[in-house]
Amino acid sequence: MAARGRDVLVVGVALFAMFFGAGNLIFPPYMGLLAGDQWGGALLGFLLTGIGMPLLGIMAAARAGGTVEHLGSRVSPWFGRLLSIVVILAIGPLLAIPRTCAVAFEVGLRPSWPTAPAALFSVVYFGVTFWFALNRSAVVDKIGKFLTPFLLVTLAWIILKGVFSPLGAPAATGLAGPFARGFREGYQTMDALASLVFAQIVIGALVFKGYRTPREQVRLTSVAGLIAAGGLGTVYGGLMFLGATASGQFPGSVERTELLISIAQGLLGSNGKVALGLAVSLACLTTAIGLTATVADYFSRLSGERLGYRLIALVTVVFSAVFATVGVTTIVNLAVPLLVTVYPVAIGLILLALAGRPLAYRPVYVGVVGGALLTSIPEALSASGMAVEALNRVVAAVPLSGAGFPWVVPALLGGALGWGWARWGGSRPLTLAPEEA
């Protein structure tokens with residue numbers, strides 16, 4: 001029993017470290033700054049997408065067989081493969097992995113060394129990432145045992161200082177819809193997407209430790225997810241409060257990385273920049289390691305092992321090293337269209353998987369996903385600068401659109417229509433994994 005508890009704790013802490021990366025550091029303080037005295041409502045929305053959905057995603061993916069493709073294939077096999085590839089690339093070399101390096105550079109090194117070459121930092125950073133990611137069976141333990149404790153101690157120092165000696169009182173910023181804004185800002189962490197594939201690493205680590213039965217793996221994965229969620233909630237709340245206390249001192253146009261640096265320096269003086277740099281570097285590095293291992297493992301299996309794990313890991317870090325040099329702001333802006341398209345789909349699939357047998361019909365899955373895409377695609381076009389005004393007017397008329405959730409009602413209607421079609425049209429139920437039945 002003691003060994004099992006220790007194993008789950010190590011995996012849970014490692015899972016926290018993999019989730020808590022670049023986006024998790026720079027987005028909560030910025031959201032707190034925008035919300036000011038309404039930071040509590042913004043935090044609630046942020047926690048739903050930053051903690052609630054990732055936790056449910058881990059549970060859903062573990063119950064459904066451990067992969068995002070298992071969930072997506074309930075719409076259709078080709079959709080499952082496409083969604084899996086899009087999610088892996090999004091949380092991998094296209095967005096999340098390069099962002100970890102860019103944030104680590106802008107927050108962790110440049111404040112202390114303004115003339116530091118970004119390209120050199122990127123090479124060193126991804127060299128370390130590649131080294132840790134080489135040994136797949138031990139990657140979770142390496143992250144959990146050696147890197148996370150120092151990260152937590154450093155963050156605790158900054159947050160506790162900000163709580164007991166705040167920079168100021170949260171100001172009235174007049175932000176409209178703080179809950180919805182926090183909910184959507186949580187998209188940028190990409191944790192709900194990552195949870196659908198991190199489940200594979202967690203289950204693999206549990207199998208390596210000797211836990212073979214699906215029931216045991218699902219139960220221990222859920223406990224590890226709760227451990228990670230507790231850590232994330234504590235840190236998110238602290239960071240958002242720090243941002244709120246700075247709301248009277250910085251404009252809403254401030255860069256996210258600049259805000260984080262200024263808060264740390266205001267709280268801890270010159271030591272603040274050093275402490276923050278260490279915390280950022282470790283947070284970003286742990287996420288990059290976990291994501292690189294996930295990307296390499298996925299595409300190696302997708303190719304039938306014709307492409308080796310080490311080769312794909314090398315290609316991933318090389319591509320990411322080049323892309324990271326464009327900077328945080330560019331990467332964040334590029335992420336928006338993809339996230340507003342994929343996130344509603346991911347949330348729908350997670351909730352359907354957790355609902356289990358009563359909704360386990362293909363038409364239901366098709367209806368929910370199709371309904372969500374009806375509004376998320378026009379939003380993505382607008383975010384890309386290719387707005388179609390006729391579509392935007394239709395989306396604006398959808399209930400909950402003004403609150404920032406235009407996809408909810410179409411997804412529910414699509415699911416209801418799919419359920420009716422399945423029940424009265426004679427559709428056969430989907431075959432579920434043993435833990436879902």
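The values are calculated or read from the model by the stated rules, or taken from the named source; none is laboratory data. It should be emphasised that the depicted structure is a prediction, and the values quoted were computed from it without experimental measurement. When we count neighbours, we look across all protein chains shown, and the Cβ atoms used for this are built from the backbone with ideal geometry, even at glycine.
The table below gives the values:
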{"item": "Some residue of region 366-380 being outside the structural domain of Trp78 (by TED's automatic domain parsing), crowded, with 20+ Cβ neighbours inside 10 Å, in contact with a Ser or Thr (Cβ under 8 Å, 6 or more places away or on another chain) and among the polar types (S, T, N, Q)", "result": "yes"}
{"item": "Any chance Val107 is in the same structural domain as Gly269 (by TED's automatic domain parsing), surrounded by fewer than 19 Cβ atoms within 10 Å (Cβ to Cβ) and in contact with a helix residue (DSSP H, G or I) (Cβ under 8 Å, 6 or more places away or on another chain)", "result": "no"}
{"item": "Top-ranked residue of region 6-35 - restricted to ones that are under 20 Å from the mean Cα position of the chain (by Cα) and of a type in the set (Gly, Ala, Ser), ranked as farthest from Gln217 (Cα to Cα)", "result": "Gly32"}
{"item": "Hey, Pro358 more than 26 Å from the chain's Cα centre (by Cα) and within 18 Å of Ala416 (Cα to Cα) or not", "result": "yes"}
{"item": "Residues being of a type in the set (Ser, Thr, Tyr) and either surrounded by fewer than 16 Cβ atoms within 10 Å (Cβ to Cβ) or free of Cβ contacts under 8 Å to residues at least 40 places away in the same chain (or both) - total across region 326-364", "result": "3"}
{"item": "Tally of residues being more than 24 Å from Asp297 (Cα to Cα) and among the aliphatic types (A, V, I, L, M) across region 48-68", "result": "2"}
{"item": "First in region 406-434 and over 26 Å from Thr341 (Cα atoms), second anywhere and modelled with pLDDT under 80, Cβ under 6 Å, 6 or more apart", "result": "Ala433/Ala64; Ala433/Gly65; Pro434/Pro214"}
{"item": "Entirely in region 323-408, the helices (runs of 4 or more DSSP H) that have 2 or more residues that are among the hydroxyl-bearing types (Ser, Thr, Tyr) and under 18 Å from Gly72 (Cα atoms)", "result": "328-355, 362-383"}
{"item": "Some residue of region 112-120 being of a type in the set (A, V, I, L, M, F, W, C), outside any helix (DSSP H, G or I), surrounded by fewer than 23 Cβ atoms within 10 Å (Cβ to Cβ) and modelled with pLDDT of 85 or more", "result": "no"}
{"item": "Subset of region 82-98 that is outside any helix (DSSP H, G or I) and aliphatic (A, V, I, L, M) - its residue that is nearest to the chain's Cα centre (by Cα)", "result": "Ile91"}
{"item": "Number of the condition not met by Arg310 [criteria: (1) surrounded by 20 or more Cβ atoms within 10 Å (Cβ to Cβ); (2) in the same structural domain as Thr67 (by TED's automatic domain parsing)]", "result": "(1)"}
{"item": "Selection count where residues are under 17 Å from Ala346 (Cα atoms), surrounded by 21 or more Cβ atoms within 10 Å (Cβ to Cβ) and of a type in the set (S, T, N, Q), scope region 68-104", "result": "2"}
{"item": "Tabulated pairs, region 79-104, first farther than 15 Å from Asp191 by Cβ, second outside any helix (DSSP H, G or I), C-beta under 6 angstrom, 6+ apart or interchain", "result": "Gly80/Ser73; Ala102/Gly327"}
{"item": "Subset of region 111-125 (residues that are within 30 Å of Ala192 (Cα to Cα) and either without any contact (Cβ under 8 Å) to a residue 60 or more places away in the chain or not assigned by TED's automatic domain parsing to the domain that holds Ile312 (or both))", "result": "Phe121, Val124"}
{"item": "Meets criteria (buried (at least 24 other Cβ atoms within 10 Å of the Cβ) and within 30 Å of Leu314 (Cα to Cα)) for Thr245", "result": "no"}
{"item": "Positions within region 314-355 being in contact with a Lys or Arg (Cβ under 8 Å, 6 or more places away or on another chain) and over 13 Å from Gln188 (Cα atoms), in sequence order", "result": "Ala324, Leu349, Leu352, Ala353, Leu354"}
{"item": "Residue match in region 164-184 (condition: within 20 Å of Ala279 (Cβ to Cβ), surrounded by fewer than 17 Cβ atoms within 10 Å (Cβ to Cβ) and without any contact (Cβ under 8 Å) to a residue 40 or more places away in the chain)", "result": "yes"}
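Per-residue answers, yes or no, for (1) out of contact with any Gly (no Cβ under 7 Å at 6 or more places or on another chain); (2) over 19 Å from Thr286 (Cβ atoms); (3) among the small types (Gly, Ala, Ser):
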position: Phe183; (1), (2), (3): no, yes, no
position: Val197; (1), (2), (3): yes, no, no
position: Val202; (1), (2), (3): yes, no, no
position: Ser222; (1), (2), (3): yes, yes, yes
position: Gly225; (1), (2), (3): yes, no, yes
position: Ala228; (1), (2), (3): no, no, yes
position: Thr234; (1), (2), (3): yes, no, no
